[in-house]
1. Tilt of helix 359-373 relative to the longest C-alpha principal axis of the chain, in degrees (0 to 90, nearest 10)?
2. Using all Cα-Cα distances in the stretch 378-476, what percent lands in each 10 angstrom bin from 0 up to the longest?
3. Could you work out the mean projected area of the convex hull around the alpha carbons of the chain, in square nanometres to one decimal?
4. Please give every one of the aspartates and glutamates within straight-line cross-link reach of Lys419, meaning a C-alpha to C-alpha distance under 17 Å, and leave out same-chain neighbours fewer than 8 residues apart.
5. Antiparallel versus total DSSP beta bridges in the chain: what percent is that, nearest 5?
6. Which one of Val376, Thr255, Leu224 is farthest out on the positive end of the charge dipole of the chain, using unit charges on Cβ (Lys, Arg +1; Asp, Glu -1) and the Cα centre as origin?
7. Using a/c under 1.5 as the rounded threshold, could you call the stretch 407-456 rounded, prolate or oblate? The axes a ≥ b ≥ c are square roots of the C-alpha gyration tensor eigenvalues, and prolate needs a/b larger than b/c, oblate otherwise.
8. Hey, can you rank 115-123, 63-71, 193-201 by average C-beta count inside 10 Å, highest first?
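Bear in mind these aren't lab numbers, they're just calculated from the coordinates by the rules spelled out. Every value quoted in this text rests on a predicted model; they were computed, and no experiment measured them. Every residue, glycine among them, receives a Cβ derived from its backbone with ideal geometry; neighbour counts consider all protein chains shown.
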Amino acid sequence: MTIPLSYVSKDYVIRGNLIDLMDDQAAWDAVDKRVRTSVRKGRRMGVRIRPFDTTTEELDVLRSFTPNDDDIPAVFEDRHHAYVAIAEDTGERLGWILLAGVGRKLFMLCHASTPEGKRRQTPNLLLWHAISTWCGGPYLTLDVGASYRPSLQVYFRGFRQRPYPMVMKPADFPMDLRITPFDTASYGLEPRDPKEGRRILGHLFGTDVFTVVPRAMYAIAACLREYRELGRLSEDDEVLISTTTGTPYVSSCVTRAIEAVCRWSLTPSEKTRAVLMIHEFGFLNPHAAALRRFCDERGIPLIEDLAYGWGSAGTGTWGDVRIYSATKTFPLQFGGFLVGMRIPFRRLWDVHGASDLGKEAETLATFTAAWSDLGVDPFTSIKDVRRANWERYVENLSSVLDPYADLPPGVIPGAFLLKLKDEDDMRRVSAFVRRFGIEVGNWYHHASIFLPCHQRMTRRHVDFVSGAVLANYREDCGIPHV
């Protein structure tokens with residue numbers, strides 16, 4: 001006995017089809033010329049369109065010619081909007097369309113016609129009726145749909161004003177796309193002269209007084225431990241943490257580093273002996289000047305955490321010491337920098353446990369290679385690509401979801417921040433998208449996720465990530481995949 005083998009796995013990016021509902025003339029002009037011809041022809045063939053009457057009798061008739069009747073909801077809600085095409089001469093029901101409103105967007109759930117209805121052009125008549133009915137209303141767009149079925153996708157494209165990406169299932173050979181830019185290919189960069197790396201970094205930092213550590217979190221711990229050795233804080237003292245958004249979420253990498261030396265707090269107290277100022281995801285901490293004054297008045301150090309803020313406008317000028325992450329900015333496997341302190345290797349090894357033999361040379365040599373690989377003006381190159389990727393995300397997702405914040409001029413984003421409905425939604429979306437081999441962070445207390453947005457990504461990467469997010473959005477809202 002032979003077993004049929006078929007392949008419709010829905011594991012690559014296709015384009016969905018949106019119509020803007022702001023202006024009916026603009027929408028009419030956007031649909032395919034053949035669609036407009038079909039609508040005009042159908043109007044001359046005796047078809048009347050009215051709202052669905054919600055009776056069981058009518059629903060039974062409509063269900064009889066609806067191929068995927070499992071897409072019909074068990075209970076019709078206020079968000080459901082349906083229209084029925086009627087033959088004026090016979091009263092026969094020729095077709096119907098069912099829409100669902102989710103937020104500011106309409107989705108097409110069902111769209112079916114009888115053979116006679118198709119002869120009278122009801123598919124295009126019904127869809128255009130839905131578009132014209134809701135133009136200028138509360139919904140911004142109508143999502144006509146995306147389909148891996150060739151004939152259906154060709155039909156959908158006739159109503160495309162704007163495309164969006166969609167990928168519904170992980171592929172057999174998944175990618176591994178990280179928040180940070182390091183990947184297997186970048187490991188292949190041939191290391192260069194570590195002395196050149198130190199020279200470049202000294203120029204970038206404006207000083208040759210800095211210490212190389214494996215990751216930025218070790219720079220935080222080493223800095224605080226040095227302050228403790230100098231008698232500037234004790235185990236019972238507190239480090240005040242200030243973030244850009246001022247919410248309770250702080251990365252465990254930060255809190256673990258502090259807890260290795262002393263305590264931390266989100267509010268100032270009599271025990272505050274240092275301040276750690278974080279520029280979240282590259283966005284300037286708005287309290288920078290006030291924190292600088294606070295530290296000066298108390299005679300305590302301000303530690304500026306630039307793990308994500310390296311190169312963003314307004315950062316890097318506030319701290320007594322500064323902490324940078326090479327791994328969040330460049331495609332490197334190792335590298336954090338404590339600027340303003342030079343700690344000898346023996347002390348790094350014996351006291352701080354913050355390096356391996358040869359790790360500094362490895363970090364500097366690979367940094368030299370990564371820096372050189374970026375061309376004449378590396379930070380401009382990084383900024384331009386990351387900001388373009390951010391804008392691509394906005395373009396792909398804006399019909400249903402918003403970024404957590406607008407991207408100010410001069411910011412080099414460390415990730416794309418996507419605002420969701422609530423923290424349950426945050427966990428659902430992130431779990432779904434991770435199935436595609438994409439690293440996703442949950443930004444607790446913000447009901448947001450953060451997605452890869454670095455310079456190693458192309459438009460195809462951004463479209464793939466966006467497509468996975470949108471597939472989950474459809475699934476979570478009960479919108480069928482066709």
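1. 50 degrees
2. 16, 53, 27, 4, 0
3. Numbers: hull surface 120.3 nm².
Over all viewing directions, the chain projects a mean Cα-hull area of 30.1 nm².
4. Glu280, Glu391, Glu395, Asp402, Asp406, Glu439, Asp476
5. On the way: 46 of 66 bridges.
Within the chain, antiparallel bridges account for around 70 percent of the total.
6. Val376
7. Working: a/c = 3.23, a/b = 1.35, b/c = 2.40.
Taking the square roots of the gyration eigenvalues as a ≥ b ≥ c, the stretch 407-456 is oblate.
8. Details: 115-123: 19.2, 63-71: 13.6, 193-201: 17.4.
Order by mean packing, descending: 115-123, 193-201, 63-71.
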